[in-house]
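Take a look at the structure set out below.
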Amino acid sequence: MIDFEYVRASDVDAALHAGAAPSTRFVAGGTNLIDLMKLNVERPTHLVDINDLGRRDPSLAAIAELPGGGLRLGALARMRDVAWDARLRERYPVVSQSLLLAASGQLRNMATIGGNVLQRTRCPYFRDTATPCNKREPGSGCSAIAGINRTEAVLGTSEHCIATYPGDLAVALIALGATVRVRGASGADRAVPFASLHVLPGAHPERETILRPGEMITAIDLPALAAARRSLYLKVRDRASYAFALASAAVAIDLRGRTIRDARVGLGGVATKPWRSAEAERALIGKPATEQTFRAAAEAALAGARPHRDNAFKVVLAKRTLVRALTEVSA
Amino acid sequence: MPSKSPEAMRSLIDREPPACHSSCRAIEPGDDAPDFTVTSADGIPRRLGDFRGSPVVLAFHGAYWDPARAEYVETYNRLVASLGGVAGARLLEIGGAGPWRDLTFDDAALSLPVLSAADADVARRYGIGDEPAVFVIDAEGVVRWSQVGAMSLANPVAIARAISAVAAPFVDAPNDEAAPRLAWTRRDFVATTLAAAFALALRPVEARADQVAVLAPRPALRAQRVTLSVNGRELALDLEPRVTLLDALREYAGLTGTKKGCDHGQCGACTVHIDGRRELSCMTFAVMQEGHRITTIEGLASGDRLHPMQQAFITHDGFQCGYCTSGQIMSAVAVLDESWGPGDDDVREAMSGNICRCGAYPGIVAAVQEVRRAQASNGGGQTR
């Protein structure tokens, strides 16, 4: 790990000021950044510790009611505290479940909501500086496309990158249509639809979000949504716990009788960014909640999948995961 | 470093191979690399000795090598790529076929013989059997790094570091005459980021002062006073910001009860309590923990009286080798303050961030359950 300057910021303005310098990273939980620094994948020369910001402004680490029935998750709230929050468990079970099925108890005590959604891919080539990787070193090539690509993505890929977005929470957030609150050096918050936060790799896999250098996520807003109470996160992985998703589904459904009035579908473990499937939602809304409907939705969700040598199984797995999630949530 | 006479070289080449397999002593760092001749695809026989003046990587791919298997090819390609990348030289061309691969850098050349199981005679000279093995040989023909007996080829990054260590002038020699002859003379090899890794690669051969230059001490430029509250005591340590809490505890504070397993947040061996919550000490910098209350395994017992969880791990055989145990116990104590249900499955899920390679999980679950039940019957009192 290269040496760096460490600054502990006492308030948001100071953090944003310090964060505007080149080669600077904010650090909160540190569970992804420090890992990547040890691998020399991340090489910041300056670290701005933002853990103390919640002292000056407790809302940054709190969960608060929004007018109209939504909830605001402070960016510095820890995964554990959001996961077990009674309001989340009742009104947004998919969010709580996505957090409890992610990482480990220790990591959930450390990692923050803001950092979680910005976590980097676990593509083994991205993490290994001895191999080419367009995301880590633009223009160097992609080792995964012709390499061992069992864990790579089948949706949203490009000829430059097929790295999977690894997170769970973001899949729930994109399904629910959450909003990200972002603050930059100007000091003013801007609201970004969660679906716009992450970008497809395209020709520039090194660009992962629309955040500008020095900008900070301050909160994530969950909308009031009838379907959210009947929601579920289903995660399939190589072992029962403490592993990244091979395929996951975040589903929320609003039923009248057995007819689907509203449906939200997010997919994880299979795409280059948190994935919401408008195709699957269209195949569900207005239809009866039957296995036939769910299968049609799953086919629609994966219609655009482009598997590589080792990961064609993900197309089948993702469909089955989605069908099972929809079956369970509508039971 | 005295160079060998042609006679001595010839005697090395002509020496009968020892009539044994892996029961022979494997060639180790510090040994002279036994010479041998192989014929490359172009039909020209080439001796290892021809490459004096350049570092050489010798890779035995063993009996299980199957070029059709992608992971082996991948490993090999990564090895070649990393020798160019990590060593700091620009890889211009990879030529040659068959057992020898010639790597050409912008200012140096390097040969990489890859020997198959068919070269059993050469393998015997190196004291190895069917298993994959890698040797890094310096410009003087001395083995400086080796890995023998693993199921697959060595990590290419480790090999690259080893070869950098024998080839690159990142060290300051006591004087020029004592310095080894170096094939590469790129001053820009000096890279702070790799210094620690180099030190590690050099350690096994440090004693050979006549061959190995002295590692320049790495000044702790940004060390600053960090005060940590550990097990109720204030510890003042001079640390660089990049020192993790785990390393601060183990290497600076002498508290080695907290273990380093993976050092990447994947195993749980380094679990400590920070302000009463279980966290991973390898995934946070010590400087970030000023002002927080840290508890390690050393702080769990009251004098000679074990914490109930420590006692329960003993009672239920919750460990074999013990390496993960301090992390398991720290995690288990904190789990009982979290919101988990009472079942064995709840315990397994709650404890899934602590990996035990001995497979002592049944004992661990039993230990956690015993303490949980005892707490519940005592009215849910705290365990700390």
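The criterion of at least 1 residues that are of a type in the set (Ser, Thr, Tyr) and crowded, with 19+ Cβ neighbours inside 10 Å is met, among helices (runs of 4 or more DSSP H) falling completely within region A:62-147, by A:93-100. Take B:GLY265 and decide whether it is in contact with a strand residue (DSSP E or B) (Cβ under 6 Å, 6 or more places away or on another chain), within 11 Å of another protein chain (Cβ to nearest Cβ) and part of a loop (DSSP other than H, G, I, E, B). Considered against the rule, which asks whether it is in contact with a strand residue (DSSP E or B) (Cβ under 6 Å, 6 or more places away or on another chain), within 11 Å of another protein chain (Cβ to nearest Cβ) and part of a loop (DSSP other than H, G, I, E, B), B:GLY265 comes out as yes.
In the condition set (1) touching a helix residue (DSSP H, G or I) at 6+ places or on another chain (Cβ under 6 Å); (2) under 30 Å from B:THR227 (Cα atoms), B:PHE313 is compliant with all but (2). Taking the criterion of being part of a strand (DSSP E or B), among the hydrophobic types (A, V, I, L, M, F, W, C) and buried (at least 24 other Cβ atoms within 10 Å of the Cβ), the residues of region A:235-261 that qualify are A:ALA247, A:ALA249, A:ALA250, A:VAL251, A:ALA252, A:ILE253, A:ILE260. Among the residues of region A:1-24 satisfying the criterion of being closer than 23 Å to A:GLY187 by Cα and part of a strand (DSSP E or B), which is nearest to the other protein chains (Cβ to nearest Cβ)? Out of the qualifying residues, it is A:TYR6. Quick one: is A:PRO124 closer than 30 Å to B:ALA350 by Cα and within 13 Å of another protein chain (Cβ to nearest Cβ)? Criteria met by A:PRO124.
Residues that are of a type in the set (A, V, I, L, M), in contact with a His (Cβ under 9 Å, 6 or more places away or on another chain) and assigned to a helix (DSSP H, G or I) do not occur anywhere in region A:36-48.
Residues in region A:217-235 that are over 16 Å from the mean Cα position of the chain (by Cα) and of a type outside the set (S, T, N, Q): A:PRO223, A:ALA224, A:LEU225, A:ALA226, A:ALA227, A:ALA228, A:ARG229, A:ARG230. Of all residues in region B:235-262, those that are farther than 26 Å from B:ALA350 by Cβ and either facing chain A (nearest Cβ under 7 Å) or of a type in the set (A, V, I, L, M, F, W, C) (or both) total 10. For region A:43-61, a residue qualifies if it is among the charged types (D, E, K, R) and either in contact with a Gly (Cβ under 8 Å, 6 or more places away or on another chain) or surrounded by fewer than 20 Cβ atoms within 10 Å (Cβ to Cβ) (or both), and the qualifying residues are A:ARG43, A:ASP52, A:ARG55, A:ARG56, A:ASP57.
So that you can scan it fast, the table gives a plain yes or no per residue for (1) facing chain B (nearest Cβ under 10 Å); (2) within 22 Å of A:THR179 (Cα to Cα); (3) touching a residue at least 24 places away in the same chain (Cβ under 8 Å):
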{"position": "A:PHE26", "(1), (2), (3)": "no, yes, yes"}
{"position": "A:GLY30", "(1), (2), (3)": "yes, no, yes"}
{"position": "A:LYS38", "(1), (2), (3)": "yes, no, yes"}
{"position": "A:PRO58", "(1), (2), (3)": "no, yes, no"}
{"position": "A:LEU76", "(1), (2), (3)": "no, yes, yes"}
{"position": "A:MET79", "(1), (2), (3)": "no, yes, yes"}
{"position": "A:ALA83", "(1), (2), (3)": "yes, yes, yes"}
{"position": "A:ARG87", "(1), (2), (3)": "no, yes, yes"}
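Every test in (1) facing another protein chain (nearest Cβ under 10 Å); (2) at pLDDT 95 or above; (3) more than 30 Å from B:TRP145 (Cβ to Cβ) is passed by B:THR296 save one, and that test is (1). Comparison of A:THR321, A:THR327 shows that the only residue that is closer than 23 Å to A:THR157 by Cα and modelled with pLDDT of 95 or more is A:THR321.
Given the criteria at the interface with chain A (Cβ under 9 Å from one of its Cβ atoms) and touching a residue at least 24 places away in the same chain (Cβ under 8 Å), does B:GLU290 qualify? Yes. Only one of the numbered conditions (1) in a loop (DSSP other than H, G, I, E, B); (2) buried (at least 21 other Cβ atoms within 10 Å of the Cβ); (3) of a type in the set (Asp, Glu) is violated by B:GLU279, and that is (1).
Applying the set (1) within 20 Å of B:MET288 (Cα to Cα); (2) touching a residue at least 40 places away in the same chain (Cβ under 8 Å) to A:ALA103 leaves exactly one unmet item: (1).
The values are calculated or read from the model by the stated rules, or taken from the named source; none is laboratory data. Just so you know, these numbers come straight off a predicted model, no measurement behind them. Reconstructed Cβ throughout: ideal geometry from the backbone, glycine too, with neighbour counts over all protein chains shown.
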